[in-house]
Structure formats: C-alpha cells, structure tokens
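Undergrad: Questions regarding the structure given below will be posed in turn.
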Amino acid sequence: MGSYEFFARVYDRLTDNVGYRERADFIHSLLSENGVPDGALAVDLACGTGSLTLELAKSYDMIGVDISEQMLSAAMEKAYEASLNVLFLRQDITRLDLYGTVKAAVCTLDSLNHLSDGRAVEQAIFKAGLFMEPGGVFIFDVNTVYKHRNILADNTFVYDCGDIYCVWQNTPGPDDSVRIDLDIFEESGGLYSRSSESFTERAYPLESYAEWLRMAEFEIIDIYDSYTRQKPCETTQRAVFAARYAGKPEAQK
C-alpha cells in the first residue's frame, strides 16, 4: 500500500478536531451576507476527504476537486453514506477546468500553502476567478508567515489518537517554507504498521494574496483572524480571505 493511500485512510482521524461544522457555518454566513443563496453551485478546491464539502452540501450544490485519487475515494464513500449528491473531480487546482461557472468557491485547511511556489498560488486564484460568476464569492484560508516562523518552525508535535500515533517533525526552509515529515503508526491486533508522508508548505505575506486576488479581478470583502470576525494581527496563525469576483461576463469561458 502506498504511503499516500495510507495517509488518506487515516486523515480524518488526525483532523477530527478541525471543527468542520463550525467552519461550514462561518463560510455559510459569509456567503449569505454577500449574495450567495442556498442551493447555489459552489466548488470546494483541494477538498481532501470531503468533510467540509459534505457540510457545505447541506446548503449548496457542491463540487469537490482534489488531485488525490485516494482522498477523493474516501470523500465519495462518505457522500454515499450520507446520501449527499456531490460531484467529485480529480484535478490539480492550478489547472482547474469546470463545465461551467460557479457562484462560490472555497479552499481551506491551508491548501494554498501546499502549492509549489507563489506562481502556483497565483494560478490557482486565477482559475477560481475564471470559473466564477460575476459577483461570485471566493473564501480561502492560509497559514501565515508568523505561524511558519514561530509555531511550526523547527518544532516536533506528537498526536496520540489511540490506535493511531503520529509524529510530526518540521524543518524550516528558505522563503518561509517548512518541510513537514509525518510518521504515522496504526495499531491493529496488537501490531503497528508504519507509513511516512512528507510535504512542504510555503507562507507568503497577506499583501501577496491581496495582489494575486487583484490580478485575478477579485475585490477583497474582508480578511479575518481564522474563522472569527476578528481582524488579523501580527500573531495571527491562520488568515481567512473573502473576495468577490468583479470580472466582466465576457471574461468567462
């Protein structure tokens, strides 16, 4: 079994403290306040195993997009068990290609931080706009430079979830990047199987995201300190952007 397949299988156990319902409620309130009605077509970019997608599917007609076949397989299984109708697409979000336009897009759990460089982030934001209806709303979150420098840094974290044990080791890199190495141990019948997963996250100043949004014809509605109504400050670890697509109809494909 490949390591990423294993990681997809244990991902929900390692993120069960995320609070998907609360995040979905926050996103729903922002979308409602900014003209996105219940029942509108929306896309969850880098949806992973679909936990947030399925929460949002209670209010919207959802599409889930992710590059991992294993993550999407888990998402589809959960959608089936919940009797929710969600279209899942295996795509790189920097090469997004939808069948039409959407009224809203979300991209959460620092997924944009996982992209290879600033150019890739710029492209992902551009693609979100390319398939957005005029006046549509894009909500995404990112880990901040402060978090990379002071919280992740060169620290090691240990998560004990009973039958799953995870050692998370960080190694700082250039330009506020952090290499994250995960060693995951899953217990079954008194024996442990081990799998490893490594990836790099990159953080950028909030001003960079604002500029990328402007270049993609988005107007920023507001920026929040995580999933609260507070403004970001110098110790903000996660910033949430809400932006409205201001492009002209003729710019749409």
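Undergrad: Return yes or no: is E187 surrounded by 11 or more Cβ atoms within 10 Å (Cβ to Cβ), over 20 Å from I125 (Cβ atoms), touching an Asp or Glu at 6+ places or on another chain (Cβ under 6 Å) and acidic (D, E)? Steps first, please.
TA: Details: surrounded by 11 or more Cβ atoms within 10 Å (Cβ to Cβ): yes; over 20 Å from I125 (Cβ atoms): yes; touching an Asp or Glu at 6+ places or on another chain (Cβ under 6 Å): yes; acidic (D, E): yes.
So E187 fits the description; yes.
Undergrad: Another one. Can you find a residue that is more than 23 Å from D25 (Cα to Cα), polar (S, T, N, Q), assigned by TED's automatic domain parsing to the domain that holds T108 and in a loop (DSSP other than H, G, I, E, B) anywhere in the range 235-244? Walk me through how you get there before you give the answer.
TA: Filtering the range 235-244 for residues more than 23 Å from D25 (Cα to Cα) gives 235.
Filter once more, so that each one left must be polar (S, T, N, Q): 235.
Keeping just the survivors that are assigned by TED's automatic domain parsing to the domain that holds T108 gives 235.
Still in the running and in a loop (DSSP other than H, G, I, E, B): 235.
Within the range 235-244, one or more residues are more than 23 Å from D25 (Cα to Cα), polar (S, T, N, Q), assigned by TED's automatic domain parsing to the domain that holds T108 and in a loop (DSSP other than H, G, I, E, B).
Undergrad: In the range 26-112, which strands (runs of 3 or more DSSP E) lie fully inside it and hold 2 or more residues that are under 27 Å from H148 (Cβ atoms), in contact (Cβ under 8 Å) with a residue 12 or more places away in the chain and assigned by TED's automatic domain parsing to the domain that holds Y227?
TA: Of the strands (runs of 3 or more DSSP E) lying wholly inside the range 26-112, those with at least 2 residues that are under 27 Å from H148 (Cβ atoms), in contact (Cβ under 8 Å) with a residue 12 or more places away in the chain and assigned by TED's automatic domain parsing to the domain that holds Y227 span 41-45, 61-66, 102-107.
Undergrad: Still on this structure: Just the residues that are outside any strand (DSSP E or B), at pLDDT 95 or above and surrounded by fewer than 17 Cβ atoms within 10 Å (Cβ to Cβ), please, taken from the range 146-174.
TA: Residues satisfying the conditions are R149, N150, I151, A153, D154, N155, G173, P174.
Undergrad: Exactly one condition in (1) assigned by TED's automatic domain parsing to the domain that holds Y60; (2) crowded, with 16+ Cβ neighbours inside 10 Å; (3) within 22 Å of V18 (Cβ to Cβ) is not met by Q230; state its number.
TA: Every condition holds for Q230 apart from (2).
Undergrad: Residues of the range 144-166 being under 22 Å from the mean Cα position of the chain (by Cα) and closer than 25 Å to S195 by Cα, which ones?
TA: H148, I151, L152, A153, F157, Y159, C166 - these are the residues of the range 144-166 that are under 22 Å from the mean Cα position of the chain (by Cα) and closer than 25 Å to S195 by Cα.
Undergrad: Could you tell me whether S116 is under 25 Å from R229 (Cβ atoms) and part of a loop (DSSP other than H, G, I, E, B)? Lay out the reasoning, then the answer.
TA: Working: under 25 Å from R229 (Cβ atoms): no; part of a loop (DSSP other than H, G, I, E, B): yes.
For S116, the condition - under 25 Å from R229 (Cβ atoms) and part of a loop (DSSP other than H, G, I, E, B) - is not met.
The values are calculated or read from the model by the stated rules, or taken from the named source; none is laboratory data. Note that this is a predicted model, so its numbers are computed, not measured. Glycine gets a Cβ as well: all are built from the backbone with ideal geometry, and neighbour counts include every protein chain shown.
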